[in-house]
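Asks: Sending over a structure as structure tokens; questions will come in a sec.
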Amino acid sequence: MIDLTFDLSGETPPASYPFTLWSELTRLAPQLENSPNIGVLPLRLTESRENTLLPKRTKLTVRLPTELADEISALLSEQKIARDDLRMQLGVAKKRAIQAYPTVHSHMVAGNNDEVMFMEEITEQLKKLGVTGNLICGKRHSITGKRQSINCYSLVVHDLKADASLKLQYAGLGDLRQFGCGIFVPYKVITGLDDD
């Protein structure tokens, strides 16, 4: 697996942007739909007192199998997305290797609405992956679109060995990777999880 990153410019997207974004990405690159472990990392947006902002340094990141990187890069680089309330211009794709890190974080992991049951599900998934680490469950989130709604929690997994960290980042947890759920990235601090 590898990350493709694109510089991003345009208007701040609505809260339900993951649904429209995936629809547009698969319109431009239909091959994305053929692999269940392809994911789109959540955009890093900035909250202000009035609204949500799209910072100039925000990137669009697509995590996908390495063998698809060149093809998807060619299809998505410098494309424009203009559908519903989503207006974005993508830059040229850059490849970014996934690095092992002892602590990783996912802003959204889809699963059971009940936190206790959610943690039981996640523990079982980690066991199946053969990944051992400690868990910190954070804030509950929801994404609501016109046709569907996703409930999820933020999650930190720490005290990971290098091979387990890579395995977890490659595989992810839960479902709905295409909407930004269950994708893990390096996390440098464990405190302040409720602030993300």
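Each value in this text was obtained by applying a stated rule to the coordinates, not by laboratory testing. Predicted, not measured: the structure shown is a model, and the values here were computed from it. Positions of Cβ are generated from backbone atoms using ideal geometry, with glycine treated the same way; all protein chains shown enter the neighbour counts.
Asks: Which one, ARG96, ARG63, ARG177, has the greatest fluctuation when you compute a Gaussian network model over the chain with C-alpha springs under 10 angstrom?
Replies: Maximum fluctuation in the GNM of the chain, among the listed residues, is at ARG96.
Asks: Would you list GLU120, GLU67 from fewest to most Cβ contacts within 10 Å?
Replies: Details: GLU120 13, GLU67 9.
Fewest-to-most ranking of GLU120, GLU67: GLU67, GLU120.
Asks: On to the next question. Consider all pairwise Cα distances in the chain and report the whole-number % of them above 30 Å.
Replies: On the way: 3346 of 19110 pairs.
Beyond 30 Å sits 18 percent of the P(r) for the chain.
Asks: Going by alpha carbons, how many degrees (0 to 90, nearest 10) lie between the helix axis of 17-28 and the longest principal axis of the chain?
Replies: 60
Asks: Name the lysines eligible as straight-distance cross-link partners of LYS146: C-alpha to C-alpha under 23 Å, and not fewer than 8 places from it in the same chain.
Replies: Partners within reach: LYS80.
Asks: With the Cα gyration tensor of region 56-157 giving a ≥ b ≥ c as the square roots of its eigenvalues, does the rule (a/c under 1.5 for rounded; else a/b larger than b/c for prolate; else oblate) give rounded, prolate or oblate?
Replies: Details: a/c = 2.47, a/b = 1.45, b/c = 1.70.
It is oblate, given that a/c is not under 1.5 and a/b is not larger than b/c.
Asks: Percent relative contact order of the chain, based on C-alpha pairs within less than 8 angstrom and at least six residues apart?
Replies: Values: 399 pairs, mean separation 54.2, N = 196.
Relative contact order comes out at 28 percent.
Asks: With a ≥ b ≥ c taken as the square roots of the eigenvalues of the C-alpha gyration tensor of region 104-195, please select rounded if a/c is under 1.5 and otherwise prolate if a/b is larger than b/c or oblate if it is not?
Replies: On the way: a/c = 1.64, a/b = 1.46, b/c = 1.12.
Cα axes put region 104-195 in the prolate bin.
Asks: Working from the pairwise distances between different alpha carbons, so that the mean of 1/r is found and then inverted, what is region 2-96's Kirkwood radius in Å?
Replies: Working: mean 1/r = 0.0738 Å⁻¹.
Answer for region 2-96: a Kirkwood hydrodynamic radius of 13.6 Å.
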